[in-house]
Amino acid sequence: MASTKETIVLLGDELIRKDGYNAFSYADISKQINVKNAAIHYHFPTKPDLAEAVVDWHTDSFNRFAEKASIKNEVDQIKMFLNFYSSIQVSGKLCVIGSFATDWNSMDDNIQLKVTEFTENVLSWITTTLDNGKQKKLLTFSAPARIEALKILTNMCAGTQLARITGSNDFTEIKNSILEQIIT
């Protein structure tokens, strides 16, 4: 069972990814877990403190994902990554990177730094996976690997948002199109 602190981080994550960073308050969390706002402030004195903890949680989660994926070939690694985004889209949430990006100008510098570091970590992983897959002739693309990584991440982040408007099928089409373009 999760501790109160972990529960707060997970609820903060859910609210950020469903409604946006600026659209939730500690009162929203306290109602859901039936505690006073003071209990939330005990663990996270400010909303930026909670947001940083959410990014840290995602960083740890992604690192575990990358470690688990490392035993697969590069095609399967990319498929795992895209399927992870499918699960985000199905859950009705948005990509955490995209969620923070929409409120970027109103966020604390420390949150921006953590989100930037997390994003670069994800992009680095995709870039390395693409490079390795291309060297093994498992993947094909003409742009530099980082540009392909940016295209993949952009499509996945935007796809989770767009699917709210146009439906899940369009997200699936985007994901399948990415695979068709890079798998040899």
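Looking for something closer than 16 Å to ASP103 by Cβ and either surrounded by 16 or more Cβ atoms within 10 Å (Cβ to Cβ) or out of contact with any Asp or Glu (no Cβ under 6 Å at 6 or more places or on another chain) (or both) - is there at least one such residue anywhere in region 56-76? Yes: one or more hits. Select from region 108-126 the residues that are more than 14 Å from the chain's Cα centre (by Cα) and crowded, with 18+ Cβ neighbours inside 10 Å and list them in ascending order. Scanning region 108-126 gives a single hit, ILE111.
In this structure, is GLU148 touching a Ser or Thr at 6+ places or on another chain (Cβ under 9 Å), in a helix (DSSP H, G or I) and at pLDDT 95 or above? In short, yes.
If you take the residues of region 1-24 that are assigned to a loop (DSSP other than H, G, I, E, B) and touching a residue at least 12 places away in the same chain (Cβ under 8 Å), which of them is nearest to the chain's Cα centre (by Cα)?
Filtering first and then ranking leaves GLY20.
Given the condition under 21 Å from LEU150 (Cβ atoms), out of contact with any strand residue (DSSP E or B) (no Cβ under 7 Å at 6 or more places or on another chain) and not in a helix (DSSP H, G or I), answer yes or no: does some residue in region 29-50 qualify? Taking every residue of region 29-50 in turn, none turns out to be under 21 Å from LEU150 (Cβ atoms), out of contact with any strand residue (DSSP E or B) (no Cβ under 7 Å at 6 or more places or on another chain) and not in a helix (DSSP H, G or I). In this structure, ILE88 qualifies as more than 16 Å from ILE8 (Cβ to Cβ), within 12 Å of the chain's Cα centre (by Cα), aliphatic (A, V, I, L, M) and surrounded by 16 or more Cβ atoms within 10 Å (Cβ to Cβ).
The number of residues in region 57-104 that are of a type in the set (Asp, Glu), touching a helix residue (DSSP H, G or I) at 6+ places or on another chain (Cβ under 7 Å) and either closer than 12 Å to VAL122 by Cβ or modelled with pLDDT of 95 or more (or both) comes to 1. Listed by first and then second residue, the pairs linking a residue in region 38-60 that is under 18 Å from VAL115 (Cα atoms) and in contact (Cβ under 8 Å) with a residue 60 or more places away in the chain to a residue that is acidic (Asp, Glu) and surrounded by fewer than 16 Cβ atoms within 10 Å (Cβ to Cβ), with Cβ atoms under 8 Å apart and 6 or more places separating them unless they lie on different chains, are PRO48/ASP108; ALA51/ASP108; THR59/GLU117.
Could you pull out the residue among ALA158, ALA143 that is in a helix (DSSP H, G or I) and among the small types (Gly, Ala, Ser)?
Every option except ALA158 fails the conditions.
Taking the residues in region 25-41 that are hydroxyl-bearing (Ser, Thr, Tyr) and under 24 Å from the mean Cα position of the chain (by Cα) as candidates, determine which candidate is surrounded by the most Cβ atoms within 10 Å (Cβ to Cβ). Only one residue tops the list, namely TYR26. Of the helices (runs of 4 or more DSSP H) contained entirely in region 54-139, those carrying at least 3 residues that are among the small types (Gly, Ala, Ser) fall at 74-91, 96-102. Could you tell me whether ILE97 is buried (at least 19 other Cβ atoms within 10 Å of the Cβ) and either touching a residue at least 12 places away in the same chain (Cβ under 8 Å) or over 10 Å from the mean Cα position of the chain (by Cα) (or both)? For ILE97, the condition - buried (at least 19 other Cβ atoms within 10 Å of the Cβ) and either touching a residue at least 12 places away in the same chain (Cβ under 8 Å) or over 10 Å from the mean Cα position of the chain (by Cα) (or both) - is met. Note on region 46-70: residues that are closer than 18 Å to GLU6 by Cβ and among the basic types (Lys, Arg) total 2. Contact list please: Cβ distance under 8 Å, first residue in region 112-141 and at positive phi, second residue surrounded by fewer than 20 Cβ atoms within 10 Å (Cβ to Cβ) and outside any helix (DSSP H, G or I), pairs at least six apart or on different chains. Final answer for the pair search is LYS137/THR184.
The values are calculated or read from the model by the stated rules, or taken from the named source; none is laboratory data. Please read these numbers as outputs of a predicted model, since none were measured by experiment. No Cβ is skipped: glycine too gets one built from the backbone with ideal geometry, and neighbour counts run over all protein chains shown.
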